[in-house]
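Working notes, structure below.
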Amino acid sequence: MQQLADSLLQTGFLQGVPTEAGYALVIAFFAFVLLNFIMLIAGVTSWLERRVWARIQSRVGPNRVGPQGVIQWLADGIKNIMKEDIVPAEADRPLFKAAPYLAMMGFFATFAVIPFGDGLVVADLNVGVLYITAVTALVVVGILMAGWASNNKWALLGGIRSAAQIISYEIPAGIAVITVVLFTGSLSMQTIIRAQGWAPWDWFLFANPFLCIASFIFFVSALAEGNRTPFDLPEAESELVAGAFTEYSGLRNLLFFLVEWGNLYVIGALYTTMFLGGWQIPPITEQPVIQGALQFATFFAKSYFLVFVAMWIRGTLPRVRVDQLMTLCWKYLVPITFANLIGAMIWFVLFPNGLAIMRFAMFALGVAVTIYFFSRILFHLRRARPRLRLNPIS
Amino acid sequence: MGYFNNIRETIRTIFEGMAITASHLVREPYTVQYPDRIDLPIQDTLPFRYRGLLDVDLEICTGCLACERACPIDCIVIEAEKNKQTKEMILRRFDIDLAKCMYCGLCSEPCPTGSIHHTPEFEGADYSLESMVRRFVKAPIPAYKPTKGPETDPEIAPLLTRGLRYLDEFASPGDSK
C-alpha cells in the first residue's frame, strides 16, 4: 500500500499534497473500503447463517425481505440503528459507551493484514500472524468492559466467561500458528501463502500429519476465540440472557453482532492463509487485473467455505458446559498441540524440504475421508423421511 | 485409555453428526413460513377441538351462565333475565373479551348444548382492545329451550348435533373424527 501511496504522491492526482496528508488520505480510503466490505460480509453472513441453520433444522428461515430474504440483514440493521440507545442508570457510562467500539477496533484492525490477493493487502506486516493474535485480544477487553460497565450480573458473568475462554484458547491457537510458522520461517501472511502452492497437495493442510492436526486444533480454538457455538458460553441465551450484551440496544448491540459475524470471516481468512494456500491460483493468465480478480475470488471462496463450515457446526453441536470447555482446552488441546509442535520440529529436522510422497499420501487420505463423508451423507439421506430437494431455494 | 477413547469418540461422533445435519440441509423443510398458504386452508387441517377463537351459537344457548361461572378470568359477561309472563329466558348481552381469554377451554366443558365452543380460527389480531370484545347479542333474543325428544327445527338441529359432538369429544377425546 505504501508503494501505491508513494506513486500517487509522485505521479498521480495527489501531486503536491504533503506526504503525511497523502498517506492519511490513502489510509482513510482503504479503511473506508474495508469497513464497507466487512459490513457487507457480516450482514450477508448473518442472513446466510439463519437460512443454513433453518434448513438444518427443517425450517425455512427468513425469506421475506427481498428475493429469498437476501436483504433481511439490511432491514435488521436499519431497525437496530433507529432504536433508542439506552444506557442503564447504574451503568458506568463512559465504559459502557466505549466498549462496543473497542471490540470493533480489535476486529477491524485484523483486516489490515488479511491478504486478499498477491497485491491486494493493505499492509504486509512482517509480523502479520502475531499482529492478528495481538489485536484480536482487544475484543476480549471490549467484551469484558461491556460486561463490567453494564452493572448487571448476567453481563458480568458473560464477560468473565468470555475473557477466561478467549485467553485460554489463545494458547492452542497460538501454538498451532507457531507450527505453521516453523515451516515457513516467517510470520508474514504473504510469505506463508507463497510457501504453499495452488494445488491441494501443496497446501499446508496436507503437507504432513502434524500440520493437519494443527489445522484442526487451530480451527477449534479459533471458533472458541470467536465465541461461536459450541463455545458460545459468553452469550448463552438459556443461562445469561445475552451475556455481556444484555444491556445493549440499538447501534451498540449491532456493533457487537457485527464483530461476531465478521470474526467468522476473519477465522476463515486466517485458516485459508495458513492451511489452504490462500490466494494461490494456477498460472493461467498474466493479465494483472484478471489475475487479481481470480486470486480474490479464490481466497474469498475458500474463506467463505470455512464460514459455512462454522455455520454448519453451529447447526450440529450443542453448547458445552464451562467445565467441559476448560477441560477441552487444558486437558486435550494444549497437550496435543504441544506434542504436535514437537513432532513437527522432529519432522522438520528430518525432512527440511518436505516429503513429496507424504504430501500425496495425505492428499489421498483427505480425498478418501471426504468420499467416506459423502457416503455417510447419502446413507442418512436414504433413511430420511422428508422428500429430498436439492434446490436450496424453498 | 479413557483419554484417547474420548478423542476418538469426539472425532467419530462429530463426523457422524455433521453428516446427519448435512443430509438435513438438502431435505425439504417440514414447516411452511407462516403467511404462505398450503393447498387446504390451515383451519381445515386443524383438529375438531382445536382451541382457537371462541364462538357462540346463540340459537342453542340456554342462558344457564355455566360458562360465565367457569371462566377463571371473567372474560365472559352474560346478562339474561326471565320474562315474568312467558317464563322465558331473554339474553340481553353475551360478550367475550378475546383480549383477556386465555383459551383454556373451561367454558365449553360445562355448556349443556355445546353452544360456546372454540373454532379453528386463530388469526384474531386487531388494532384496538375494544374491537377484541366480541358482542354476540345484537338485540335481546330468547334463549334456547331444550325440547323433549330429538330436535325437529331444521335450522337448530345441525347446530345442536355439532355442539353435542363437541361435548362428546371432551368426554372421550379421539374417538370420533
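A quick yes/no check of all residues on (1) within 14 Å of another protein chain (Cβ to nearest Cβ); (2) touching a Lys or Arg at 6+ places or on another chain (Cβ under 7 Å); (3) surrounded by fewer than 14 Cβ atoms within 10 Å (Cβ to Cβ):
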position	(1), (2), (3)
A:25	no, no, no
A:28	no, no, yes
A:36	no, no, yes
A:43	no, no, no
A:55	yes, no, no
A:61	yes, yes, no
A:75	no, no, no
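So, in the range B:1-45, how many residues would count as being in contact (Cβ under 8 Å) with a residue 24 or more places away in the chain and exposed (fewer than 10 other Cβ atoms within 10 Å of the Cβ)?
1
Note down all Cβ pairs under 8 Å where the first residue falls in the range A:299-315 and is more than 13 Å from chain B (Cβ to nearest Cβ), the second is of a type in the set (Val, Ile, Thr), and they're at least six residues apart or on different chains.
A:299/A:272; A:302/A:272; A:303/A:272; A:306/A:267; A:306/A:272; A:307/A:45; A:307/A:267
Out of (1) in a loop (DSSP other than H, G, I, E, B); (2) in contact (Cβ under 8 Å) with a residue 12 or more places away in the chain, the odd one out for residue A:89 is which?
Tallying (1) in a loop (DSSP other than H, G, I, E, B); (2) in contact (Cβ under 8 Å) with a residue 12 or more places away in the chain, residue A:89 fails exactly one: (2).
Quick check on the range A:265-292: of everything there that is in contact with a Ser or Thr (Cβ under 6 Å, 6 or more places away or on another chain) and of a type in the set (A, V, I, L, M), which residue is surrounded by the most Cβ atoms within 10 Å (Cβ to Cβ)?
Once the filter is applied, the top-ranked residue is A:269.
Kindly provide the set of residues from the range A:79-107 that are surrounded by fewer than 20 Cβ atoms within 10 Å (Cβ to Cβ) and among the aromatic types (Phe, Trp, Tyr), ordered by number.
The one that is surrounded by fewer than 20 Cβ atoms within 10 Å (Cβ to Cβ) and among the aromatic types (Phe, Trp, Tyr): A:101.
Give me the pairs: first residue in the range A:246-275 and assigned by TED's automatic domain parsing to the domain that holds residue A:229, second residue part of a helix (DSSP H, G or I) and basic (Lys, Arg), beta-carbon distance under 6 Å, and six or more apart or on different chains, which are they?
Cβ pairs passing all conditions: A:272/A:302.
For (1) modelled with pLDDT of 90 or more; (2) closer than 19 Å to residue A:110 by Cβ; (3) out of contact with any Gly (no Cβ under 7 Å at 6 or more places or on another chain), each residue gets a yes or a no:
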| residue | (1), (2), (3) |
| --- | --- |
| A:182 | no, no, yes |
| A:191 | no, yes, yes |
| A:205 | no, no, yes |
| A:219 | yes, yes, yes |
| A:225 | no, yes, yes |
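Residue by residue, here is whether (1) in the same structural domain as residue B:34 (by TED's automatic domain parsing); (2) under 18 Å from residue B:53 (Cα atoms); (3) at pLDDT 80 or above holds:
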site: B:82; (1), (2), (3): no, no, yes
site: B:97; (1), (2), (3): no, yes, yes
site: B:112; (1), (2), (3): no, no, yes
site: B:152; (1), (2), (3): no, no, no
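Just to verify a result, which residue in the range B:1-56, among those that are among the aliphatic types (A, V, I, L, M) and assigned to a loop (DSSP other than H, G, I, E, B), is farthest from the other protein chains (Cβ to nearest Cβ)?
Taking the range B:1-56 first, the residues among the aliphatic types (A, V, I, L, M) are B:1, B:7, B:11, B:14, B:18-20, B:22, B:25-26, B:32, B:38, B:40, B:42, B:46, B:53-54, B:56.
Checking which are assigned to a loop (DSSP other than H, G, I, E, B) leaves us with B:1, B:26, B:32, B:38, B:40, B:46, B:53.
Working: B:1: 14, B:26: 5, B:32: 7, B:38: 13, B:40: 19, B:46: 20, B:53: 26 Å.
The qualifying residue farthest from the other protein chains (Cβ to nearest Cβ) is B:53.
For the list (1) free of Cβ contacts under 8 Å to residues at least 12 places away in the same chain; (2) out of contact with any helix residue (DSSP H, G or I) (no Cβ under 7 Å at 6 or more places or on another chain), I need the number of the one condition that residue A:190 fails.
Answer for residue A:190: the failing condition is (1).
From the list A:74, A:102, A:144, A:95, which one is in a helix (DSSP H, G or I) and over 24 Å from the mean Cα position of the chain (by Cα)? Break it down into steps so the answer makes sense when it comes.
On the way: A:74 fails: over 24 Å from the mean Cα position of the chain (by Cα); A:102 fails: over 24 Å from the mean Cα position of the chain (by Cα); A:144 fails: over 24 Å from the mean Cα position of the chain (by Cα).
On inspection, the qualifying residue turns out to be A:95.
From A:197, A:159, grab the single residue that is outside any helix (DSSP H, G or I) and among the small types (Gly, Ala, Ser).
Working: A:159 fails: outside any helix (DSSP H, G or I).
After ruling out the rest, the residue left standing is A:197.
The values are calculated or read from the model by the stated rules, or taken from the named source; none is laboratory data. Keep in mind it's a predicted model, so treat the numbers as computed, not measured. Note: ideal-geometry Cβ built from the backbone for every residue, glycine included; neighbour counts use all protein chains shown.
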